[in-house]
1. Between residue 34 and residue 77, what is 0.36 nm times their sequence separation minus the Cα-Cα distance? Round to one decimal in nm.
2. For the ranges 28-36, 12-20, what's the packing order if you count other beta-carbon atoms within 10 Å of each residue, average per peptide, and put the highest first?
3. How would you order 68-75, 80-87 from highest to lowest mean count of nearby Cβ atoms within 10 Å?
4. With just the Cα atoms defining each centre, how far is region 118-140 from region 45-61? Give it in Å.
5. Pull out the extension gain between residue 138 and residue 41, defined as 0.36 nm times the separation in residues minus the alpha carbon to alpha carbon distance; nm, one decimal.
6. What does region 2-154 give for Rg and for Dmax, in Å, if only its C-alpha atoms count?
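FYI, it's all coordinate maths here, none of it is from the lab. Computed from a prediction, not measured in an experiment: that's the story for all the values here. Cβ atoms come from the backbone with ideal geometry, glycine included; neighbour counts cover every protein chain shown.
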């Protein structure tokens, strides 16, 4: 039943790259975008291999990696294999997009590190084989998603200027401006009189 431990390769690869990325924060960190994408591709390949393994071997649970019934145990079945492939694929797409989108950002390495950590703990959550593993992965997923959601909130930005309120005039746009905006020039009412 050691084949049920194969899905653990995916979070292990992502967590190792996350440690590397979080140590090399900053603008355009060396190798971090490429290594993060490579780890996401390894996770995707591992998820696909797990799905193929499920077809060949059938569903099953891996041995408990821990002490006194507390630790990591994987469960490989149709639902977990489907979710592994789905999460790994979407994760790879997001890592690939964010690596190019954040190119030149002052905190690109930190974001990719937190993204890899989040993918790793979500993959652990999907393949949880016992309640302790499920709860620990659920909490870790919540904490990592919190870091990603608030990622840009920690960067100081200039204050946003609000538009002046037009509530004192009653309408946001006078009727004549609305006509010019909405009606083509051919449909505007004519101002000349016919004789």
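1. Contour length minus the Cα-Cα distance gives 12.3 nm.
2. The densest-packed peptide leads the list: 12-20, 28-36.
3. Ranked by mean Cβ neighbours within 10 Å, highest first: 80-87, 68-75.
4. So the two Cα centres are separated by 18 Å.
5. Extra length available between residue 138 and residue 41 comes to 32.6 nm.
6. 15.6, 48
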